[in-house]
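Structure first, commentary second.
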Amino acid sequence: MSASEPLVLGIESSCDETGVGIVRGHTLLADALASSVDEHARFGGVVPEVASRAHLQALVPTLHRALDEAGVTLADIDAIAVTAGPGLAGALLVGVAGAKGLALATEKPIYGVNHLAAHVAVDTLEHGPLPEPAIALLVSGGHSSLLRVDDLARGVTPLGATIDDAAGEAFDKVARLLGMPFPGGPPIDKAARDGDPLSIAFPRGLTGPKDLVEHRFDFSFSGLKTAVARWVEARQRSGEPVPVNDVAASFQDAVCDVLTRKAIDACRSQGIETLVIGGGVAANSRLKAMAAERAASYGITVRVPRPKLCTDNGAMVAALGSHLVAAGTAPSKLDFAADSAMPLTLVGV
Ligand code: KG4
Ligand code: ZN
C-alpha cells in the first residue's frame, strides 16, 4: 500500500445491508456493515419500506465504525463512492443522499456507481488488479448475468442473463419451501454438505441443443424451482419424509452445474482465461469448488472473493470508486439521481 494511492470511502444501501467500506488503492482498510435481514425474515423477502428506514438509522453509526476501523477521519478521505443503482429506490436514496451530504460538507469528489460492477471490482481487494479481458459471472438475489469485462472503468458487455428468477432468488424460494430461514443460500449450502447431489435429477434450464442456439449464455431457474416444489409435494402427499439434505444438494448442484458450464463456455468461446465470480451466490461453497475444478482443465483461472466480500457490503463500492479514481474517471455531478434500474453497461453516473 502506498500513501499516495487515493483513500476512498464507499457507501452501499441498495438492498438490506447498510455498508461503509474504506480502501486505499486495492487495500481494504475497513468494511463496516449493518443488516436489516432479521427484520425481513418473517416476510420471506426484503420489505422495501423496512429496509429504507433501517438504512436511515444505520448509516451514520456504520460510517463512524468504518472510520474508526480504518483509523482515519473524514478529512483524510480523497473521494466518496456510493451505489447509485440498481436496487430498491427508497433504499438507494438513503445512501445517495447521505453520500451527497458528506461530499458537500467535506468538498470531496463523489462517484455514483453501479452495484453490479462493484460486485466485480471487489475481487481486486483480495486478488489484486483484474486481468482484462475477463468474464464475470454475477449471481445475486436480484441478478444472474454473464459479462465480458474489457475495461471495468468504462463498462462491461452483457453476454447473457436470467430470463426469469435470479440464482439467489431460486435459493431463497427453495429454502422457503424446505422450511429454512431467509436468506436461503447459506442454509441450503450447509444442508447440502450432508446430502447426495446425485440423488434427484433436477432440470438444468436452457441447456438443451435449441436453447444453446437462442440462449447460450442466458439462465432460467424458474422451472428448476417448480420441479423442486413438485418433487417435495409428491413426497408429502405420499406421506414419506422429505430428505431435506438430498433435495438441497441436488438443487444446489443443478444451479451450480448450469452456472459453471455456461461461464466456462463463455470464457472458451471468447478465448478468455480469467473468470471472476461475484454477488451473494458466489459465497456458495459448491459453486466455487465446481468452477475451480471445471476451469482448471481448460487453463482458466477462477477468482472468487471471500464470502463476506461476495454478499453486499460497502468495501465493494469503495473498490469500484478507487478503480475509477485510478483510471482518471471524472466524478459524478452532485445532482445525479439514484437509478433503481441502472443498466449494467453504466459503471458510474
Ligand atoms: O449480492 P447479495 O448480497 O444481494 C443482492 O444484491 O441481491 O446476494 C444475496 C443473495 C441471496 O439470494 C442469498 O440467498 C444468496 O445471495 N446467498 C447464497 C449464499 N450466501 C448468500 N446463495 C447460495 N449459497 C450461499 N452460501
Ligand atoms: Zn448485490
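The values are calculated or read from the model by the stated rules, or taken from the named source; none is laboratory data. Everything numeric here is computed off the predicted structure, so don't read it as measured data. Note that each Cβ is placed from the backbone with ideal geometry, even for glycine, and that neighbours are counted across all protein chains shown. The area values use the complete protein model at the heavy-atom level, side chains included, leaving out ligands, DNA and RNA. Shrake-Rupley method; radii C 1.70, N 1.55, O 1.52, S 1.80 Å.
Regarding segment 97-181, what's the average projected area of the Cα-atom convex hull, expressed in nm²? Don't jump to the answer; show the numbers that get you there.
On the way: hull surface 33.1 nm².
Result: a mean projected hull area of 8.3 nm².
I want the local charge near D253. Using Cβ-Cβ distances under 13 Å, sum +1 for each Lys or Arg and -1 for each Asp or Glu among the other residues.
Computed value for this residue: 0.
From the mean inverse distance of alpha carbon pairs (Kirkwood) and the Cα radius of gyration, derive Rg over Rh for the chain. Don't skip to the end; give the middle numbers.
Working: Rg = 20.1 Å, Rh = 20.4 Å.
Rg divided by Rh gives 0.98.
For a distance above 24 Å, tell me the whole-number percent of Cα pairs in segment 1-107 that qualify.
On the way: 1325 of 5671 pairs.
Distances greater than 24 Å cover 23 percent of the Cα pairs.
Determine the equivalent ellipsoid of segment 4-60 by diagonalising the alpha-carbon gyration tensor, then write out the semi-axes as square roots of 5 times the eigenvalues, largest first, rounded to whole Å. Don't skip to the answer; put the middle values down first.
Details: eigenvalues 156, 19, 12 Å².
Equivalent ellipsoid semi-axes, largest first: 28, 10, 8 Å.
Compactness ratio of segment 83-227: Cα Rg over 2.2 N^0.38 Å, N = residue count?
Details: Rg = 18.6 Å, N = 145, 2.2 N^0.38 = 14.6 Å.
Dividing the Cα radius of gyration by 2.2 N^0.38 Å gives 1.28.
Between segment 137-186 and segment 278-302, what's the alpha-carbon centroid distance in Å?
Value for the Cα centre distance between the two parts: 15 Å.
Provide the net charge surrounding D211, with neighbours chosen by a C-beta distance below 11 Å and charges set as Lys +1, Arg +1, Asp -1, Glu -1. Each step should come with its number before you reach the end.
Numbers: positive: R204, K210, R216, K262; negative: E214, D218.
Net of charged neighbours comes to +2.
Over what distance in Å are the Cα centres of segment 45-65 and segment 206-231 separated?
That distance is 36 Å.
What is the P(r) of segment 237-280, as percent of Cα-Cα pairs per 5 Å bin from 0?
Result returned by the calculation: 5, 17, 17, 17, 13, 10, 7, 6, 4, 3, 0.
Could you size up the charge dipole of the chain around its Cα centre, putting +1 on the beta carbon of Lys and Arg and -1 on that of Asp and Glu, and report it in debye to the nearest 20? Display every interim value, and only then the final one.
On the way: 29 positive and 39 negative charges, 110 e Å.
Rounded to the nearest 20 debye, it is 520 debye.
If you consider only alpha-carbon coordinates, what radius of gyration and Dmax does segment 212-348 have, in Å?
Both quantities, over Cα of segment 212-348: 19.4, 64 Å.
Could you tell me what percent of the accessible area of the chain is made up of carbon and sulfur, with a 1.4 Å probe and every protein chain present?
Working: 7680 of 14230 Å².
Result for the chain: 54 percent of the exposed heavy-atom area is carbon or sulfur.
Kindly rank 285-292, 274-281 from highest to lowest mean number of other beta carbons found within 10 Å of each residue. Each step should come with its number before you reach the end.
Working: 285-292: 19.4, 274-281: 26.1.
Highest mean packing first, the order is 274-281, 285-292.
Just to be sure I follow: if Rg is taken over the C-alpha atoms of segment 132-173 and Rh is the Kirkwood radius over the same atoms, what is Rg/Rh?
Working: Rg = 11.5 Å, Rh = 10.8 Å.
Checking Rg against Rh, the ratio lands at 1.07.
Semi-axes, largest first, in whole Å: what does sqrt of 5 times each Cα gyration tensor eigenvalue give for segment 276-349?
Largest first, segment 276-349 gives 30, 14, 12 Å.
Taking the Cβ of V232 as the center, what net charge do the other residues with Cβ under 13 Å away carry, scoring Lys and Arg +1 and Asp and Glu -1? Walk me through the numbers on the way to the answer.
Numbers: positive: K173, R176, K225, R230, R235, R237; negative: E233, E240, D246.
My count for the surroundings of V232 gives +3.
Where does the Debye-calculated log10 I(q)/I(0) of segment 182-282 sit at q = 0.10, 0.18, 0.20 Å⁻¹, using only Cα point scatterers of equal weight, no solvent?
Here the Debye-derived log intensity ratios amount to -0.33, -0.94, -1.09.
Counting heavy atoms of the protein chains only and a 1.4 Å probe, report the per residue accessible area for segment 172-301 as a whole number of Å².
Numbers: 5980 Å² over 130 residues.
Ligands and nucleic acids excluded, the result is 46 Å² per residue.
Quick one: Kirkwood hydrodynamic radius for segment 152-234, alpha-carbon pairs, angstrom, one decimal? The partial results should precede the final answer.
Numbers: mean 1/r = 0.0694 Å⁻¹.
Over segment 152-234, the inverse of the mean reciprocal pair distance is 14.4 Å.
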